[in-house]
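The values are calculated or read from the model by the stated rules, or taken from the named source; none is laboratory data. No experiment lies behind these values; they were computed from the predicted model shown. Every residue, glycine as well, gets a Cβ built from its backbone with ideal geometry; the counts of neighbours run over all protein chains shown.
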Amino acid sequence: MQLTQGVLEFCKYHGLGNDFILVDNRHQEEPVITAEQAVKLCDRNFGIGGDGVIFALPAKGNVDYSMRIFNSDGSEPEMCGNGIRCLARFVAEKDSEAPRTYKVHTLAGLIQPELLRDGQVCVDMGEPILDAQDIPTTLPPTEGDTVVKAPLTIHGKTWLMTCVSMGNPHAITFGGAGERIKVADLDIFTIGPLFEVHQVFPVRTNTEFVEVVDRGHVKMVVWERGAGRTLACGTGACATVVAGVLEGKTDRNCRVDLPGGPLQIEWRESNNHVYMTGPAELVFAGSWLSAQGLRPATDINFAEQLNSPVEARQKAVYGWVTLKDSIYAFTSSPDADAVASGSYIDAVHTVSNFGQLRVSTAAAFDDAEQMYAAGYLEGWLSAERIYDYYINTHEYFLHQLNASLPVPMKWLEDQDSWVRQQAESESTPYWAYMKALLAQFDGMVAGYQARSDAAGDGSRIPPLTKADFLFTNGNGELYDILDGLQPTDYDSMPAHQLRATLALSGRCSALVKVTGDLSDLLMGHSTWDTYSSMSKLYKHYHFALHNPAVAAQRMSFSSYPGELFSDDDMYMMDSQLVVLSTTNHIYNMSLFNLLTPQSLVSWQRVRAANALATNGSQWSSYLDVHNSGTYNNQYMVVDLKKFRPGHDLQPGVLWVAEQIPGLVKAADMTETLSRGYFPSFNVPYFPEIYRRSGFPALKARQEARGADYADAASWLSYQLAPRAKIFRRDAGKVADLASLKKIMRHNNYKDDPYSNGDPIAAICGRGDLDPANPVPKGCFDSKVTSYKLALALEAEVVNGPTTAYHLPPFRWTKQFDDVMHQGQAQVFDYEFERQTPVLDGGAVQK
Ligand SMILES: N[C@@H](CCC[C@H](N)C(=O)O)C(=O)O
């Protein structure tokens, strides 16, 4: 927070519409504004507007922070349930090293909010206070010292009151004797104030009016002490469930519906603590310009120095990597002499559920130093997500694919030794680049490890080895290495299994499209894989390499934590190349005999091609350098330099390169593109690649088994695969980003004849909706860009399975419990969001 005389910077948050002005007060013990100023701030006409002002104060004793709050009338309550969820989000967004669980000191004692992966906050609210004197209330206790269903006459009616303190006082009523409340019928503005100031409540009270839906679900409206009618009250919801249990009306685990939305409350029997789970949202940040008489303060957050809008700053974590006496170190303080600097925004803070990583390096250092530091920074900043992604994919290989990993991992380790020896002994610019790339890999391992060490034992960042990073970066290779070791027996699969296996073994749909008048070039990509991989991280690298062969210093790409390549693939370079790919399966087992670890794996070849190539032809040649024959893709390389909007397409706008073990076949496909589009859907385009990969042989064998098998085998046809048909029918409708998004998310399986009722048979297929065998696999993200956006290295992206045509958002429900998805959202229902190399947001085109 920056405080200058007369200006108060603040953030506006709400928890279910219970809204607060959050002030970063961590530099001093006393709130920087007075109770009177809080009243002005909360005024909805003459101020910012809010139900209260909350201060994040320095730690007291063995806690992380202290919290204080002023109600909108200037009174100071002991606690605020919705407010503490907002506080947890607020400090997490300010702190580079935010823990996930905070210990917060309040006037009601120690309260512990925990940030959940899905963005919700679960708060351990401590034990309820039931003793009448301590609440306090002068209503006569009815059970021991507790006030349960005590009659109180207000406004001509006798209400049965149960009194509970959650640090602050609450009076709860479910109605009068023999009469139940209907919350919709209450005149809360008339009766609320009468309860608040009634003499039986010596320090006033918050009052909750409750309607029971069933034992696990109530509706509640609240009149708050010092704030009046609010849309939600966290302490009030907790007190309500405690009262419901005391009165025998609800279970200990109960949903409380408030006017602003639901809270889940549990009064746990084992420890007598109450737990509240609900959302907290940042609404805006701003400066209050009439803040005369603020208590002086000096703290200036380094993030202010970075030129980016307030909202992005709130979410971003910044970092620098320094190099002194041959030691690389991370710092969260700006350092003008740093080798690498950058920012990281976790996926939970984005509307697309794509995290964002930006790393740039300084020309004062040599190439390997720059890339080592870049890797170090990435490893440090994204460490938590690296671990999530690693553990989810590793478990997937072990328990879903039942893969035996020792032999393939040995292959990857041998390959790693080979490439390092080559990089040492070869002195060409190509190998100099490879050496720097390996430094980036080593830096990432070291940065992750340093962060893990700093986090300590038992943290969410356990140690990972170099081999674990070889696994993460080599997961595309592993599929092929494993296929070579454990061939799949397609010939004895039942038809349904055959169809699902063929449909889900490919990875991705892509489209390159020109508009009818050749005024625009549109490129889209949707990833298909196991949903356990849905930890997306969009990366923007900006290096200042000295290698004269380097054509691209900037690269922006959709990726995953811990991977130094896209994997999807979708890359944009400042050499004005755009690269997309989809994977082609190898069905011809004999090709696997050509695999050798004395080769360059795909991520290494692709990164080198991206850095060194200036056109599609060169890019394809680089792909063929020491081809490992693993992760065999169809690559589309678009050269924006060759495209002039509104003019005839010149040769070289689109190159397509396909790799199999022992061969890369590539050609200029601009002429095909000039007719409208080039689709990509996991079936090879070049007849030689198609034949050698074993597609026709497998297709013929399955067709011979009967009609159902022939139908499944259509997935192996270049012309009649379901996605080929849909692209052929619908690509002509793609004229702008909006229609490109539509086709890349297309899944209308209930009505589309080309899907024939199969939710997987779509551009963005969903295996989880397959009624015969639901599996959390299929299409889970989409990225789109246009000529102009790609020139600026920009794209619009969304993570999660499609919700097109009113499909339900994907949820990690119990039926998918066996598939590990640590750190992922529970429900995937996100929006497209602009990715830009500079941290400045960007408008999303609908
Ligand atoms: N809305 C808050 C409670 C705020 C304090 C209350 N008005 C009081 O004076 O006790 C919540 O969410 O708990």
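Those residues that are away from the ligand (no atom under 11 Å from the Cβ) and in contact (Cβ under 8 Å) with a residue 60 or more places away in the chain, I need them from the range 245-258; list them, please.
Within the range 245-258, Leu246, Glu247, Lys249 qualify.
Hey, could you check the range 529-581 for residues that are in contact with a strand residue (DSSP E or B) (Cβ under 8 Å, 6 or more places away or on another chain), charged (D, E, K, R) and in a loop (DSSP other than H, G, I, E, B) and say which is surrounded by the most Cβ atoms within 10 Å (Cβ to Cβ)?
The residue in question is Asp569.
Looking only at the range 49-60, count every residue that is near the ligand (Cβ under 7 Å from one of its atoms) and either surrounded by fewer than 24 Cβ atoms within 10 Å (Cβ to Cβ) or part of a loop (DSSP other than H, G, I, E, B) (or both) and tell me the total.
The number of residues fulfilling the criteria is 1.
Using beta carbons and a limit of 8 Å, which pairs, at least six apart or on different chains, have the first residue in the range 680-703 and farther than 20 Å from Val637 by Cβ and the second one among the aromatic types (Phe, Trp, Tyr) and not in a loop (DSSP other than H, G, I, E, B)?
Qualifying pairs under 8 Å: Pro696/Tyr690; Leu698/Tyr490; Arg701/Tyr490; Gln702/Tyr490; Gln702/Tyr709; Glu703/Tyr709.
When you go through (1) farther than 25 Å from Met434 by Cα; (2) modelled with pLDDT of 90 or more one by one for Asn307, which number turns out not to apply?
(2)
For His273, work out the one condition from (1) at pLDDT 95 or above; (2) buried (at least 20 other Cβ atoms within 10 Å of the Cβ) it doesn't fulfil.
So the condition that His273 fails would be (2).
Within the range 156-195, which residues are in contact with a strand residue (DSSP E or B) (Cβ under 9 Å, 6 or more places away or on another chain) and in a helix (DSSP H, G or I)?
Across the range 156-195, the qualifying residues are Val183, Ala184, Ile188, Phe189, Ile191, Gly192, Pro193, Leu194, Phe195.
Out of all the residues in the range 464-504, which are among the hydroxyl-bearing types (Ser, Thr, Tyr), in a loop (DSSP other than H, G, I, E, B) and closer than 23 Å to Trp528 by Cβ?
Correct list: Thr488 only.
Within the range 97-117, which residues are closer than 17 Å to Thr350 by Cα, buried (at least 17 other Cβ atoms within 10 Å of the Cβ) and not basic (Lys, Arg)?
Result: Leu115, single match.
Residue under question is Val123, and the condition is that it be farther than 22 Å from Ala232 by Cβ and touching a strand residue (DSSP E or B) at 6+ places or on another chain (Cβ under 6 Å); does it hold?
Judged against the criteria, Val123 is not a match.
Inspect all residues belonging to the range 509-528 and state whether any of them is modelled with pLDDT under 95 and either in contact with a Lys or Arg (Cβ under 9 Å, 6 or more places away or on another chain) or part of a loop (DSSP other than H, G, I, E, B) (or both).
Checked the range 509-528: no residue is modelled with pLDDT under 95 and either in contact with a Lys or Arg (Cβ under 9 Å, 6 or more places away or on another chain) or part of a loop (DSSP other than H, G, I, E, B) (or both).
Which of the numbered conditions does Lys741 fail, given that it passes all the others? Conditions: (1) within 25 Å of His496 (Cβ to Cβ); (2) touching a strand residue (DSSP E or B) at 6+ places or on another chain (Cβ under 9 Å); (3) not β-branched (Val, Ile, Thr).
With respect to (1) within 25 Å of His496 (Cβ to Cβ); (2) touching a strand residue (DSSP E or B) at 6+ places or on another chain (Cβ under 9 Å); (3) not β-branched (Val, Ile, Thr), Lys741 is out only on (1).
Results for (1) within 16 Å of the ligand (Cβ to nearest atom); (2) in contact with a helix residue (DSSP H, G or I) (Cβ under 8 Å, 6 or more places away or on another chain), shown as yes or no for each residue.
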{"position": "Asn62", "(1), (2)": "no, no"}
{"position": "Ile69", "(1), (2)": "yes, yes"}
{"position": "Ser72", "(1), (2)": "yes, yes"}
{"position": "Gly83", "(1), (2)": "yes, yes"}
{"position": "Phe90", "(1), (2)": "yes, no"}
{"position": "His105", "(1), (2)": "no, no"}
{"position": "Pro113", "(1), (2)": "yes, yes"}
{"position": "Leu116", "(1), (2)": "no, no"}
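Quick one: in the range 190-203, which of the residues that are of a type outside the set (Val, Ile, Thr), in contact (Cβ under 8 Å) with a residue 40 or more places away in the chain and within 16 Å of the ligand (Cβ to nearest atom) is surrounded by the fewest Cβ atoms within 10 Å (Cβ to Cβ)?
Pro202
So, in the range 137-178, how many residues would count as being among the polar types (S, T, N, Q), more than 16 Å from the ligand (Cβ to nearest atom) and in contact (Cβ under 8 Å) with a residue 60 or more places away in the chain?
So the answer is 3.
For the range 726-783, how many residues are closer than 19 Å to Trp528 by Cβ and in a helix (DSSP H, G or I)?
12
I'd like to know if the range 204-218 contains one or more residues that are crowded, with 18+ Cβ neighbours inside 10 Å, in a loop (DSSP other than H, G, I, E, B), in contact (Cβ under 8 Å) with a residue 60 or more places away in the chain and β-branched (Val, Ile, Thr).
yes
Could you identify the single residue in Gly767, Gly757, Gly732 that is over 18 Å from Ser526 (Cβ atoms), out of contact with any Asp or Glu (no Cβ under 8 Å at 6 or more places or on another chain), in contact (Cβ under 8 Å) with a residue 12 or more places away in the chain and surrounded by fewer than 24 Cβ atoms within 10 Å (Cβ to Cβ)?
Criteria check complete, one pass: Gly732.
In the range 400-419, which residues are in a helix (DSSP H, G or I) and either in contact with a Gly (Cβ under 6 Å, 6 or more places away or on another chain) or surrounded by fewer than 15 Cβ atoms within 10 Å (Cβ to Cβ) (or both)?
Pro406, Val407, Lys410, Leu412, Asp414, Ser417, listed by residue number.
I'd like to verify a number: residues in the range 219-240 that are charged (D, E, K, R), more than 6 Å from the ligand (Cβ to nearest atom) and either buried (at least 24 other Cβ atoms within 10 Å of the Cβ) or part of a helix (DSSP H, G or I) (or both), how many?
Residues that pass the stated criteria total 0.
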